[in-house]
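The values are calculated or read from the model by the stated rules, or taken from the named source; none is laboratory data. All of these numbers come straight from a predicted model, not from anything done at the bench. Every residue, glycine as well, gets a Cβ built from its backbone with ideal geometry; the counts of neighbours run over all protein chains shown.
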């Protein structure tokens, strides 16, 4: 199994999809417990949700599941959110804080997984961002995520529908942040927050270098807005999804249009 799939486009926007994959090596699957094998923390159907919204977009998708290796974590193992509950480079628990392994991997195996999965995913993502920047003068990375809207282990209360992350405005030009925030704020019936519980994962923080023409923004969507329910079998709800896709399309097309106005663009 190739750990990464790349769909190459000629536009200025690159979609990162680190958590839609469900593939696991059979020996790894066998070492998960029953709870782990349920793969509950997948970003269910996110690739389908964004499909066809922006002509010329480039997509970089991890095919493996985050329980094997989380491609949106610091490869050093450092926490993204010090002092808060979270999961690591190779998660030992699910998002509810419950153990997922009967036979958890040790340090040597975790390092081998980093080399086999994290490194090639980010090599591909980096290469595509550089290709796009060379063509347009800038590249805009839009990192696609989703999560259940209520997870007490990770956050209190009810997660907003749109969760925009720019690491406090450091990972992209102000115009990008403002445009995405404005679209989400104007979306009737939806809630949003900027740099709330999710301020952007390692991918957004690592690649977002606006002064160098590399802009990154993360979108964490509450799954209630496109799934029938936030529970197995994690069914895609066409009506909900189409309503949401209208706003996602607006976001992506706006970002593509902004690219030519950003410093460094050709």
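The table for this structure:
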{"read-out": "Hits in the range 22-56 (condition: within 22 Å of residue 109 (Cβ to Cβ), assigned to a helix (DSSP H, G or I) and touching a residue at least 24 places away in the same chain (Cβ under 8 Å))", "value": "28, 31, 35, 36"}
{"read-out": "Residue match in the range 10-21 (condition: free of Cβ contacts under 8 Å to residues at least 60 places away in the same chain and either surrounded by fewer than 17 Cβ atoms within 10 Å (Cβ to Cβ) or out of contact with any strand residue (DSSP E or B) (no Cβ under 8 Å at 6 or more places or on another chain) (or both))", "value": "no"}
{"read-out": "Condition broken by residue 244, with the remaining ones in (1) touching a strand residue (DSSP E or B) at 6+ places or on another chain (Cβ under 6 Å); (2) closer than 17 Å to residue 15 by Cβ satisfied", "value": "(1)"}
{"read-out": "Residue within the range 231-238 that is more than 20 Å from the chain's Cα centre (by Cα) and either in contact (Cβ under 8 Å) with a residue 40 or more places away in the chain or assigned to a helix (DSSP H, G or I) (or both) present", "value": "yes"}
{"read-out": "Which numbered condition residue 91 misses (of (1) crowded, with 17+ Cβ neighbours inside 10 Å; (2) more than 17 Å from residue 43 (Cα to Cα))", "value": "(2)"}
{"read-out": "Matching entry among 154, 80 (being surrounded by 14 or more Cβ atoms within 10 Å (Cβ to Cβ) and either in contact with a strand residue (DSSP E or B) (Cβ under 6 Å, 6 or more places away or on another chain) or closer than 16 Å to residue 205 by Cβ (or both))", "value": "80"}
{"read-out": "In the range 100-128, the residues that are surrounded by 14 or more Cβ atoms within 10 Å (Cβ to Cβ) and not in a helix (DSSP H, G or I)", "value": "100, 101, 104, 105"}
{"read-out": "Residue match in the range 78-90 (condition: touching a helix residue (DSSP H, G or I) at 6+ places or on another chain (Cβ under 7 Å), within 29 Å of residue 216 (Cβ to Cβ), outside any helix (DSSP H, G or I) and at pLDDT below 95)", "value": "yes"}
